[in-house]
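The block underneath contains the structure these notes are about, expressed in structure tokens.
Every read-out reported here was derived from the displayed coordinates using simple, explicitly stated rules and does not represent laboratory data. Every value quoted in this text rests on a predicted model; they were computed, and no experiment measured them. Cβ placement follows ideal geometry from the backbone for every residue including glycine, while neighbour counts extend to all protein chains displayed.
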Amino acid sequence: MQAAEVRRNYIKRLQAYRDVGGKIVWTFHNLIPHECNFRQTVRRLRKELGQLSDLVLVHNVASIAEILNQTELADTSRIRVLPHPAYLDVYEPAEKTISLAGSTPALPRTLVCFGMVREYKNLPKLFDKLPHDFMHANTLALHVMGQPIRTASLGDQLLTLAQNREEIQLFLTSTPQNKVADTLRSYAGVLLPYHRILASGVAVLALSLGIPVIAPRIPAMEELFPSCAHSLLYNPNSDKDLRRAVLHLGEMTTETRRHIAKAYLSRAYSQHPQLISCSLGSLYDEILT
């Protein structure tokens, strides 16, 4: 009841804002909030936001069908695609990123799951999908780096599951911002074990640094990553295909890494924060004129 009351008050204030001439732009970032205890309330809120908003922004074409489904909008006339901005010049100067992109990593057969440790990332299931025998036979390793959010129990569960897995190491703390780029660059690549998503900040971060990403083969990820790196995308319903992608990255040549890094950075520059900012400004102008 309290969540529903918060929703009603929020919509009432937005409506009052519109009544005095205000404009509303809503960014539809993902399928559901990362932590969501009130799914029905969120569904209702999104329908109301869809009706109130002058513009609805999505990060990719793959999101359009989902926003239409969740908001019951009659058409796409108020929907605009605005890519998630890249992280160029955010964690380090772009010049450094360019000079080091595609370099041989310090841990060439170790993958990393990076970012906040959350339930939806399915990390316990990932440990099962990459069994010890497979990892050991191929001299592969997995590191999990990130701070558990809102619950210590998930961190405890992961520690228990990794107890007898020497190839899995957990670093359950946040990484200082000035060390993020160098830390990620030390790994063979980034592994995304979750697939119920429409966008991923970690995926965009790795793209921006030229670091190979193993990601689910879903429309949003196919849209984000250049076609030359699609061999790193895996069928989210196939453990065998996930292992194929992991092995493919572990055995990747330096030449291929450099080729992928170049393509990643080219894509990242097309989503440079300054360009996205200009595009967003143009959208604001569109509804204010």
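Between GLU223 and ASP156, with labels modelled 7 Å along Cα→Cβ, what's the label distance in nm to one decimal, could you check?
4.0 nm
Distance in nm between label sites at SER277 and LYS47, each 7 Å beyond Cα in the beta-carbon direction?
About 3.9 nm separates the two model spin labels.
Among 197-203, 272-278, how do they line up by average Cβ neighbours within 10 Å per residue, starting with the highest?
Details: 197-203: 20.3, 272-278: 13.3.
Final packing ranking: 197-203, 272-278.
If you line up the long axis of helix 239-250 against the longest principal axis of the chain, both from Cα atoms, how many degrees apart are they, to the nearest 10?
Result, in degrees: 70.
Taking θ = phi - 60°, what integer Hz values does the Karplus form 6.51 cos²θ - 1.76 cosθ + 1.60 yield along the range 108-121, in sequence order, with x for Gly and Pro?
Karplus values, whole Hz, x for Gly and Pro: x, 10, 10, 9, 10, 9, 10, x, 3, 7, 10, 4, 5, 7.
What FRET efficiency would be calculated for the residue pair ASP75, ILE98, taking the C-beta separation as r and a Förster radius of 45 Å, to the nearest 0.05?
Values: r = 42 Å, r/R0 = 0.93.
Once rounded, the FRET efficiency stands at 0.60.
Could you point to the label whose value was computed as log10 I(q)/I(0) by the Debye sum over Cα atoms at q = 0.08, 0.09, 0.11, 0.17 Å⁻¹ for the structure here, given (1) -0.39, -0.49, -0.72, -1.41; (2) -0.58, -0.62, -0.72, -1.31; (3) -0.50, -0.60, -0.78, -1.39?
Read-out taken from this structure: (1).
If you take the charge dipole of the chain about its Cα centre, with +1 on Lys and Arg Cβ and -1 on Asp and Glu Cβ, which of TYR10, ASN138, ALA86 is farthest toward its positive end?
So the residue we want is TYR10.
Pop a pseudo-label 7 angstrom from the Cα along the beta-carbon direction at both PHE38 and ASN235 and give the gap in nm to one decimal.
It works out to 4.1 nm between the two label points.
Calculated FRET efficiency, SER174 and ASN122, Cβ-Cβ r, R0 22 Å, to nearest 0.05?
Details: r = 21 Å, r/R0 = 0.94.
Working from the Cβ atoms, E equals 0.60.
How far, in nm, would the chain grow between HIS259 and THR27 when pulled straight, counting 0.36 nm per residue and subtracting the alpha carbon separation? Walk me through the numbers before you get to the answer.
Details: separation 232, 0.36 × 232 = 83.52 nm, distance 3.28 nm.
Fully extending the segment from HIS259 to THR27 adds 80.2 nm.
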